[in-house]
């Protein structure tokens with residue numbers, strides 16, 4: 001058993017920032033991560049960090065843009081916190097030596113991004129995330145923070161209480177990938193989930209193979225509601241064959257989208273008459289798919305993104321990485337040809353419900369970064385707003401878990417924030433657990449122990465039984481189940497959604513869940529058993545996919561990234577509210593909470609969102 | 001069922017009789033698969049794999065190094081052969097994943113981002129250090145599709161299992177050069193440190209390192225001398241030594257670190273590291289430049 005004040009699960013941008021913040025509060029903090037920190041997918045972020053740094057810009061304008069971009073489903077206290085803290089956090093990275101791109105006068109460069117009223121996206125080439133990740137890992141090394149790398153956290157050690165708001169999280173269980181040992185981690189201050197995205201729930205995604213929603217699934221099963229799960233961002237410019245991301249920076253610098261007939265469709269077909277290619281991501285993704293569906297795509301699959309007119313010098317200076325990606329993963333020379341692009345799953349706006357201190361409704365359990373939902377992005381995230389979220393809310397969660405005084409949160413969490421029940425959801429199959437109680441869920445008849453150490457030990461025993469069973473029995477392999485799950489999600493819970501399709505997806509998810517009851521791990525070895533690791537991940541993906549599909553079925557309107565065939569308008573009267581999906585001990589419960597539009601100084605009045 | 005979600009009970013009868021989940025919704029209870037059903041499902045998967053291989057226009061044979069200290073039949077290193085359907089754009093990593101998911105779930109290798117930025121999948125492919133995700137299978141043949149692709153773990157590193165090597169020594173070397181920005185007088189608050197475009201350009205290539213370990217594995221000197229810092233760690237030192245935001249005293253300190261017994265002077269400029277670097281970092285040039293800087297700096301005190 002390892003003991004620390006604060007345990008951070010995940011070594012990407014949010015996790016590293018949280019660990020540094022906790023360390024600055026003099027906490028004994030450790031990072032437990034399934035990949036070595038520099039392997040984290042923050043490193044793939046290309047575009048930049050939105051921060052109101054310059055004369056003529058203002059955090060209030062950044063907040064306004066973010067609220068508008070969210071289609072009024074973000075919470076004002078979260079958005080204002082993000083925009084006010086982003087400048088200091090961004091400059092902090094500069095002080096830590098991050099190699100930002102520079103202006104002639106030596107100051108850090110900023111560029112325009114979609115949905116922004118000011119060019120405030122601070123960048124380091126088209127590889128901003130790589131530099132952010134490495135710069136923060138350097139600071140972790142400098143401080144001597146303990147890192148358990150290649151330790152895969154399989155479950156949270158949480159007390160059992162009927163009301164999630166009365167539960168306490170005392171640690172987690174991790175699988176030491178190299179030795180095959182299951183190890184308990186006890187945290188007296190708190191556990192911070194910073195496990196990133198869950199794009200592997202879809203089959204065409206910019207996400208890494210490791211982005212399997214582990215944190216989200218664990219928090220969900222422990223009793224934390226998943227907020228706004230239906231809001232998934234599909235990035236408009238991914239390479240068709242692999243899903244590799246082509247940064248919005250290309251359009252920010254002046255890149256142009258053409259259809260198969262050579263038309264600049266964003267303008268010529270009226271999708272965004274003012275902002276064209278720089279409209280919000282959801283708008284551009286739908287425009288591209290509409291072009292393809294109406295027969296104006298190329299190979300019935302994609303459109304072209306052209307940056308040739310920008311000239312070699314500018315492209316090499318600001319977007320060099322894009323040339324490499326297009327060449328290596330699509331065989332296209334971006335200086336000679338237009339690049340083929342199509343929408344791909346990119347980012348999950350929804351996630352683990354937290355307040356603006358990163359705290360969930362379970363005492364001692366925090367979340368930050370993509371796995372969390374504070375919510376700053378609402379129904380659609382603006383480009384350049386993910387990286388500031390990592391550093392701002394990573395830092396806040398780290399400080400708070402370490403006992404730092406960062407003020408009381410304004411955002412309510414947990415079932416007590418419920419304002420409305422969903423009573424008529426028409427699901428073709430029962431979602432949730434198959435067995436009652438579900439042996440995988442910590443809070444279900446699991447840890448009823450008297451003290452923190454005993455809680456961790458008891459959870460550890462449960463995990464040992466789960467792993468032993470999967471290792472010893474005969475069964476089927478998880479890979480086919482995962483692949484069927486991904487196909488179903490991409491087929492029916494994608495950019496365009498309709499009721500019947502989502503219901504089909506729920507049936508397919510249920511089928512995956514039932515087949516998963518029979519999975520077994522073929523590899524008998526304890527050493528570096530990725531068969532076991534991937535099998536556990538697949539269970540998490542099933543839970544994640546189900547929350548997405550349930551939210552998508554429930555929300556009968558068109559808002560931000562969530563488009564419904566039968567409901568072609570935003571409906572503020574009925575749907576200006578957050579969706580919450582709670583595991584509810586294996587019988588999922590869907591309810592709603594209020595969106596907080598009251599900021600410090602003003603109320604954000606929902607307006608028509610046009611670009 | 002809980003308060004929130006109700007099941008369909010009247011419509012879509014057709015789907016209910018077909019889907020497993022719907023049967024449960026209609027009142028049936030899920031039951032675990034019998035061992036016969038499991039065997040049938042597994043046989044069906046194997047048949048589908050065979051069909052995919054038979055139907056493919058082109059296939060490629062992977063010869064993959066296997067070793068597991070814990071599994072009797074893998075204790076002695078061996079090569080396994082997997083026949084994989086070739087498709088245009090297929091990378092070595094794609095082929096490995098296909099082999100694992102279709103034939104042998106115990107086939108073990110590190111991978112994550114699939115786009116050459118996480119640095120997990122440096123492998124020894126047809127006798128050269130390469131990133132699996134960045135290596136097109138088609139590029140391994142003079143034309144068409146290669147007959148065979150040989151995939152081994154990185155040489156000069158301890159094999160943990162199959163294609164996974166122990167990276168601890170690499171990480172130790174990286175961390176031994178004080179790989180973090182050190183400030184003498186950081187400005188306050190929102191004031192930034194200025195850096196010229198030229199200086200940013202100067203360190204740019206060195207900051208692209210993804211810690212994949214290909215360079216270290218290719219280096220003869222590192223292979224024979226475990227104490228040698230190696231190209232990646234020296235490049236990391238270069239990244240800071242050349243950054244004008246750190247002051248002169250720190251530059252001096254950094255030159256002292258890389259000038260130690262097992263530092264830059266061990267490099268014999270064979271360029272093997274530069275040749276294999278998947279991010280095109282001019283590693284040997286960086287090492288040479290540090291040698292020159294170290295000499296200049298030493299002369300100053302004479």
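At R0 = 45 Å, how high is the FRET efficiency between residue B:249 and residue A:84 if r is their beta carbon distance? Nearest 0.05 is fine.
Computed FRET efficiency for residue B:249 and residue A:84 comes out at 0.80.
Rounded to the nearest 0.05, what FRET efficiency is calculated for residue B:295 and residue A:299 with R0 set to 56 Å and r the Cβ-Cβ distance?
In this case the efficiency is close to 0.45.
Normalised by the residues of chain A, what does the relative contact order come to in percent, with Cα pairs under 8 Å and at least six apart?
Contact order relative to length: 22 percent.
Which distance in nm do the two modelled labels at residue A:464 and residue A:434 give, with both placed 7 Å along the Cα-to-Cβ direction?
Between residue A:464 and residue A:434, the label points sit 2.6 nm apart.
Once both labels are modelled 7 Å past Cα along the beta-carbon direction, what's the residue B:285-residue A:451 spacing in nm?
A separation of 6.3 nm, rounded to one decimal place.
Using Cα pairs under 8 angstrom and six or more residues apart, how large is the relative contact order of the stretch A:42-201, in percent?
Taking the mean separation of contacting Cα pairs over the length of the stretch A:42-201, I get 21 percent.
For chain B, set up a Gaussian network in which alpha carbons nearer than 10 Å are linked by springs, and say which option among B:202, B:279, B:128 fluctuates the most.
The residue with the greatest mean-square fluctuation here is B:202.
Quick one: helix B:283-300 against the long Cα principal axis of chain B, what's the angle to the nearest 10°, folded into 0 to 90?
It is inclined by approximately 30 degrees.
Quick one: divide the alpha-carbon radius of gyration of the stretch B:146-260 by 2.2 N^0.38 Å and tell me what you get.
With N residues counted in the stretch B:146-260, Rg over 2.2 N^0.38 Å equals 1.32.
Using only Cα atoms, locate the centre of the stretch A:515-552 and the centre of the stretch A:334-404, then give the distance between them in Å, rounded to an integer.
Here the answer is 24 Å between Cα centres.
Let me test this: with uniform point scatterers at the alpha carbons of the stretch A:234-344, what is the Debye-based log₁₀ I(q)/I(0) at q = 0.14, 0.20, 0.24 1/Å?
-0.48, -1.01, -1.44
Between the helical axis of A:478-492 and the dominant principal axis of chain A, each derived from Cα atoms, what acute angle in degrees is found, rounded to the nearest 10?
Once rounded, the angle reads 40 degrees.
Please report, in whole Å³, the volume per residue of the convex hull around the C-alpha atoms of the stretch A:105-263.
About 206 Å³ per residue, rounded to a whole number.
Angle between the Cα long axis of helix B:35-55 and the longest principal axis of chain B, 0 to 90 degrees, nearest 10?
60
Using 0.36 nm per residue, how much length does the chain from residue B:191 to residue B:175 gain when fully extended, once their Cα-Cα distance is taken away?
2.8 nm
What share of Cα pairs, in percent, lie more than 36 angstrom apart in the protein assembly as shown?
46
With a ≥ b ≥ c the root eigenvalues of the C-alpha gyration tensor of chain B, is it rounded (a/c under 1.5), prolate (a/b larger than b/c) or oblate?
It is prolate, given that a/c is not under 1.5 and a/b is the larger ratio.
Provide, for q = 0.11, 0.15, 0.19, 0.26 Å⁻¹, the log10 of I(q)/I(0) from a solvent-free Debye sum over equal Cα point scatterers in the stretch A:348-435.
-0.39, -0.66, -0.91, -1.29
Specify the residue with the greatest mean-square fluctuation among B:257, B:221, B:38, computed from a Gaussian network of chain B linking alpha-carbon atoms under 10 Å apart.
Of the options given, B:38 has the highest mean-square fluctuation.
Give the Kirkwood hydrodynamic radius (Å, one decimal) of the stretch B:93-179, defined as one over the mean of 1/r across all pairs of different Cα atoms.
After inverting the mean inverse Cα-Cα distance, the result is 14.1 Å.
For chain A, what proportion of DSSP beta bridges, expressed in % and rounded to the nearest 5, is antiparallel?
Roughly 65 percent of the DSSP beta bridges within chain A come out antiparallel.
Where q = 0.14, 0.16, 0.20, 0.22 Å⁻¹, what log10 of I(q)/I(0) comes from the Debye formula for the stretch B:37-165, counting one point per Cα?
Each listed q corresponds, in turn, to -0.63, -0.82, -1.19, -1.35.
Mean separation of Cα pairs under 8 Å and 6+ residues apart, divided by the residue count of the stretch A:234-344: what relative contact order is that in percent?
38
Efficiency by 1/(1 + (r/R0)^6): what FRET value for residue A:491 and residue A:320, r their Cβ-Cβ distance, R0 = 30 Å, to the nearest 0.05?
0.25
For the stretch A:523-582, count all C-alpha to C-alpha pairs, find those more than 17 Å apart, and express that count as a whole percent of the total.
Distances greater than 17 Å cover 55 percent of the Cα pairs.
Cα-Cα pairs above 17 Å in the stretch B:196-240: how many percent?
Tail of the P(r) past 17 Å holds 39 percent of the pairs.
What number, rounded to the nearest 500 deg cm²/dmol, is the helix-based mean residue ellipticity at 222 nm of the protein assembly as shown, given -39500 (n - 2.57) per DSSP H run of at least four residues and division by all its residues?
-11000 deg cm²/dmol
Taken together, the values in this text are just the output of simple stated rules run on the coordinates, not laboratory data. It should be emphasised that the depicted structure is a prediction, and the values quoted were computed from it without experimental measurement. Neighbour counts run over all protein chains shown; Cβ positions are idealised from the backbone, glycine included.
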